[in-house]
């Protein structure tokens with residue numbers, strides 16, 4: 001069968017001959033590790049020691065919140081469940097929600113205590129409710145970490161309090177955060193709440209960026225003497241979202257300033273673009289032996305890329321597919337592929353699928369089509 005390789009230029013011809021030279025280096029920030037990532041495409045915009053093991057401190061609670069959100073989604077727990085508070089949870093040190101042993105607190109309020117107040121007591125209460133014990137919940141945390149493909153993460157508690165074998169990395173924490181934001185937007189909305197009142201005690205969210213920048217809507221601070229000052233932050237401007245993780249800053253101000261500089265760099269010099277929408281025809285292919293002479297080809301999901309702004313005008317798409325496809329064809333059948341290129345570099349791939357069903361002709365119609373195709377192939381005309 002004849003194979004076609006078609007190239008389509010996207011938007012405009014590049015004004016610049018070498019767009020890569022227009023991308024400045026990431027800002028220099030005084031932290032032990034960081035990463036800046038776009039969570040839909042997974043594009044890493046900047047990183048430094050992103051795979052080094054770090055003490056995650058209270059950033060651990062993002063995994064605690066992720067598991068809680070997932071189990072709410074699966075109807076394994078309800079927001080209005082009343083959770084009995086244990087003595088262990090009540091006695092937790094560090095940041096607290098101020099729950100009391102022997103009393104019952106709704107699962108929803110405990111989750112707010114974890115997310116907004118960074119309560120170690122609330123984290124243990126949730127852990128015990130979901131895992132039977134905190135130790136049982138830690139097993140669940142590590143199972144979730146494995147399912148998310150986290151290569152440099154091991155949990156020993158639900159709070160992030162220092163422990164010898166409790167560690168993660170900037171990259172792994174960005175992966176947890178991206179999955180939380182993408183999969184559980186209703187739960188993620190809690191992370192932008194600036195305060196929460198429980199037992200007549202009002203506490204502010206420790207993420208100061210919520211007050212500095214209206215585009216910031218999460219996600220979690222962390223601090224211990226050994227970990228330094230840490231922050232996972234996220235912001236959305238227009239159709240683009242970014243996640244920044246910084247670890248090991250020397251001061252509270254430094255972690256917020258470093259995070260804001262990374263976010264500004266990403267939004268200034270990169271762009272996220274939906275190049276092609278799902279279920280829209282991008283090409284058509286000839287069909288043999290079908291009740292239709294051609295079939296529409298498109299994508300099963302939107303084709304979204306994140307690239308330096310200067311490279312966007314010069315992106316090109318290369319399509320490859322068979323132009324003599326034999327019926328029957330089912331909707332969703334993979335019939336080709338496409339590649340998005342910046343220069344000679346492939347930055348994204350996707351399958352071309354049939355957007356419609358094509359039923360075969362009757363016996364004699366298929367026979368005639370096969371004879372015609374045989375002659376075309378015989379004389380290299382197909």
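The values are calculated or read from the model by the stated rules, or taken from the named source; none is laboratory data. The shown structure was predicted, so the numbers you read here are calculated from the model rather than taken from an experiment. Ideal geometry is used to build each Cβ from the backbone, glycine not excepted, and the neighbour counts take in all protein chains shown.
Scanning the range 257-269 for residues that are touching a residue at least 24 places away in the same chain (Cβ under 8 Å), buried (at least 19 other Cβ atoms within 10 Å of the Cβ) and assigned to a strand (DSSP E or B) turns up nothing. Return a yes/no flag: does the range 195-213 have any residue that is assigned to a helix (DSSP H, G or I), closer than 26 Å to residue 52 by Cα and touching a residue at least 40 places away in the same chain (Cβ under 8 Å). Yes, that holds for at least one residue.
The conditions of being farther than 30 Å from residue 322 by Cβ, outside the structural domain of residue 353 (by TED's automatic domain parsing), assigned to a strand (DSSP E or B) and touching a strand residue (DSSP E or B) at 6+ places or on another chain (Cβ under 7 Å) are met by residue 244. Residues that are over 30 Å from residue 237 (Cβ atoms) and within 22 Å of the chain's Cα centre (by Cα) do not occur anywhere in the range 290-308.
In the range 216-236, the residue that is surrounded by the fewest Cβ atoms within 10 Å (Cβ to Cβ) out of those that are touching a helix residue (DSSP H, G or I) at 6+ places or on another chain (Cβ under 8 Å) and over 20 Å from residue 94 (Cα atoms) is 217.
Could you tell me whether any residue of the range 159-168 is out of contact with any helix residue (DSSP H, G or I) (no Cβ under 9 Å at 6 or more places or on another chain), buried (at least 24 other Cβ atoms within 10 Å of the Cβ) and modelled with pLDDT of 95 or more? No, the conditions are met nowhere in the range 159-168.
Filtered by the rule that a residue be part of a helix (DSSP H, G or I), more than 29 Å from the chain's Cα centre (by Cα) and surrounded by fewer than 22 Cβ atoms within 10 Å (Cβ to Cβ), the range 75-125 gives 87, 88, 90. Checked against the criterion of being within 27 Å of residue 241 (Cα to Cα), in a loop (DSSP other than H, G, I, E, B), touching a strand residue (DSSP E or B) at 6+ places or on another chain (Cβ under 7 Å) and assigned by TED's automatic domain parsing to the domain that holds residue 231, the range 173-184 contains not a single residue that satisfies it. Across the range 284-310, the qualifying residues are those that are buried (at least 17 other Cβ atoms within 10 Å of the Cβ) and not in a strand (DSSP E or B), and the one among them that is modelled with the lowest pLDDT is 289. Being surrounded by fewer than 18 Cβ atoms within 10 Å (Cβ to Cβ), in contact (Cβ under 8 Å) with a residue 24 or more places away in the chain and under 20 Å from the mean Cα position of the chain (by Cα) is a description that applies to residue 239.
Mind checking whether some residue in the range 317-326 is modelled with pLDDT of 90 or more, under 26 Å from the mean Cα position of the chain (by Cα) and within 30 Å of residue 26 (Cα to Cα)? Checked against the condition, which is being modelled with pLDDT of 90 or more, under 26 Å from the mean Cα position of the chain (by Cα) and within 30 Å of residue 26 (Cα to Cα), the range 317-326 yields at least one hit. Out of 125, 145, one residue alone is at pLDDT 95 or above, closer than 19 Å to residue 168 by Cα and in contact with a strand residue (DSSP E or B) (Cβ under 8 Å, 6 or more places away or on another chain). It is 145.
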